[in-house]
Every structure is written in C-alpha cells, then in structure tokens.
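Student: For reference, the structure I am asking about is given below.
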Amino acid sequence: MPFSGPIVVGHDGSDFSDQALRWALELAHRAHMPVTIVRAWTMRTAPKPKTQEFGYVPPASDFADAVRERLEESTRELLAQYPDVEVTFKIERGQPATVVVEAAQGASLLVVGPRGLGGFKGLLLGSVSEHAVGTAPCPVVVVRGDDDPAQSEPEA
C-alpha cells in the first residue's frame, strides 16, 4: 500500500500527544511525508479569545482562532526540530474522538497518544485512542512513549 496522504496526529496539549507528535515528525522526516496536526475543541475546552469581554461572547470563529494560536504555540519548539517537514494545522469543533477519525480520511497514517488530558487514572488506553483504533479509515499508531499512562494524573 503506497502512502499518498499525510500523517495525521491528534494533539490535545498533553505530554502523550507531544510524544505522538515527535514520533510522527521523525517518521515524516525520514519518509518525506507531510504532517497534519489536529486539535478538537468545544466551547468548554477552548481558551478564552482575545476578543472576549464582560458581557460579550465572541463568535465561534474567535474561539477557533484562540485554539489554533495555542496549538501553534505549544508545538512550535518541537516543530522547529524538523524544519524540513511540511506541517499543517486542522482545528475542528467537536468531540475529539470523532474529529480525529474524520481528519484521518485520506491519511496514510493516524498517530495518537495512549491518553489525553481527560480520562480516569489507571486507563492504559483512552477513549480517543480506542475509538481511533476501532474506526479510523487508515492504519493507526498509538505512541505510548516512556511515561506510564496509569501514572499520568497527579495524586490528590
């Protein structure tokens, strides 16, 4: 099966998603493939836009811009290590599991971490990665990295 689409990486800002992105960038560098970094967002998870003021709720596009800015900022250092890799960002409003799988349409590979920012302590595979493995339209790599997913949340 020839690779014709990009490597798609789900990124939510967690250490696990950084490890998945690092893995995908290294593969993309070696295979001369483009990378698409995907971040899902909801009104609850989006950062506050610069246009938000007391008594004024900005349009959804302002929230999407704030999500994009945060994603670009949080990945800038890692992307600088792979200047030869073509990278695009995809910001979609919706549930992460659905957004990541839909973004993988036409992709050569989908790369995710074992868990993200949500979830329950002790889960070794999060809901997004589990959904991706079961429903993605392309091969999926779950990058575990060096951290133990069961220890990813601080003790109370």
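The values are calculated or read from the model by the stated rules, or taken from the named source; none is laboratory data. Note that the coordinates shown come from a computational prediction; the quantities given were computed from them, not determined experimentally. Ideal geometry is used to build each Cβ from the backbone, glycine not excepted, and the neighbour counts take in all protein chains shown. For accessibility, only protein heavy atoms count, side chains too; no ligands or nucleic acids. Shrake-Rupley method; radii C 1.70, N 1.55, O 1.52, S 1.80 Å.
Student: List the residue pairs whose Cβ atoms are under 9 Å apart, where the first residue sits in region 62-86 and is free of Cβ contacts under 8 Å to residues at least 40 places away in the same chain, the second is surrounded by 15 or more Cβ atoms within 10 Å (Cβ to Cβ) and in a helix (DSSP H, G or I), and the two are 6 or more positions apart or on different chains.
Tutor: E72/L79
Student: Then there is this: So in region 2-25, with the set limited to residues that are open to solvent by less than 60 Å² (accessible area, probe 1.4 Å) and over 21 Å from R115 (Cβ atoms), which one is modelled with the lowest pLDDT?
Tutor: Only one residue tops the list, namely G5.
Student: Another question about this same structure. Which condition number does K90 fail, the rest of (1) modelled with pLDDT under 95; (2) open to solvent by 40 Å² or more (accessible area, probe 1.4 Å); (3) outside any loop (DSSP other than H, G, I, E, B) being met?
Tutor: Unmet condition: (1).
Student: Quick test of your reading of the structure: T36 fulfils all but one of (1) open to solvent by less than 10 Å² (accessible area, probe 1.4 Å); (2) assigned to a strand (DSSP E or B); (3) not aromatic (F, W, Y). Name the failing condition by number.
Tutor: (1)
Student: Okay, moving on. Any residue at all in region 56-76 that is of a type in the set (V, I, T) and surrounded by 21 or more Cβ atoms within 10 Å (Cβ to Cβ)?
Tutor: Within region 56-76, one or more residues are of a type in the set (V, I, T) and surrounded by 21 or more Cβ atoms within 10 Å (Cβ to Cβ).
Student: Any idea which of (1) closer than 25 Å to T98 by Cβ; (2) not in a loop (DSSP other than H, G, I, E, B) is the one P47 doesn't satisfy?
Tutor: For P47, the exception is condition (2).
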